[in-house]
Amino acid sequence: RMGTMDPFVQLTLGGSDEDDEKDTGASGKQEASTKRDSQTSGAGKPGCPFWYEAFELNCRDPVDETLEVNVLEASRLSLGRGKKIRSIGHASVPLASLRKRSNQQMTIKLEPQGSIDIDLSYADFVDRRGTL
């Protein structure tokens, strides 16, 4: 299996509450995915990939929100014949502990195994709809 797996991270924030879009411009459930390890320029040793990517997700209130972190892998050998994707590990990160305008580095333990280092920051949402 060495060299045939291609891990990536999927982040999910929020649910499907339609009121979020009306009140904050957030569109309910939001997802973002990193590039696959084979597509990054980070040179991590086997089993320790690096993703140097930034994502901006809108949350209504960090006190009530949880960021879902899922580390997945796709088989490089099967990408042309239907993608085989399986979960390596996952975690739920309550955002209540985030401090405004402060970058926080965290090591998050994944279930059932592993960990991921992540930097999170929070800034107040500014509604810029209707402005140029």
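The values are calculated or read from the model by the stated rules, or taken from the named source; none is laboratory data. Bear in mind that the values here come from a model prediction, so they are computed numbers and not experimental data. When we count neighbours, we look across all protein chains shown, and the Cβ atoms used for this are built from the backbone with ideal geometry, even at glycine. Side chains are part of the model used for accessible areas, which takes the heavy atoms of the whole protein and leaves out ligands, DNA and RNA. Shrake-Rupley method; radii C 1.70, N 1.55, O 1.52, S 1.80 Å.
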Spacing of the two label points (7 Å from each Cα toward its C-beta) at Ser75 and Gln39, in nm: 2.0
Long-range HN-HN contacts of Met5 with modeled amide H, under 5 Å: Arg76
1/(1 + (r/R0)^6) with r = Cβ-Cβ of Met106 and Arg129, R0 = 35 Å, i.e. FRET efficiency to nearest 0.05, evaluates to 0.65
With all protein chains in place and a 1.4 Å probe, Ile88 shows an accessible area in Å² (nearest 10) of 40
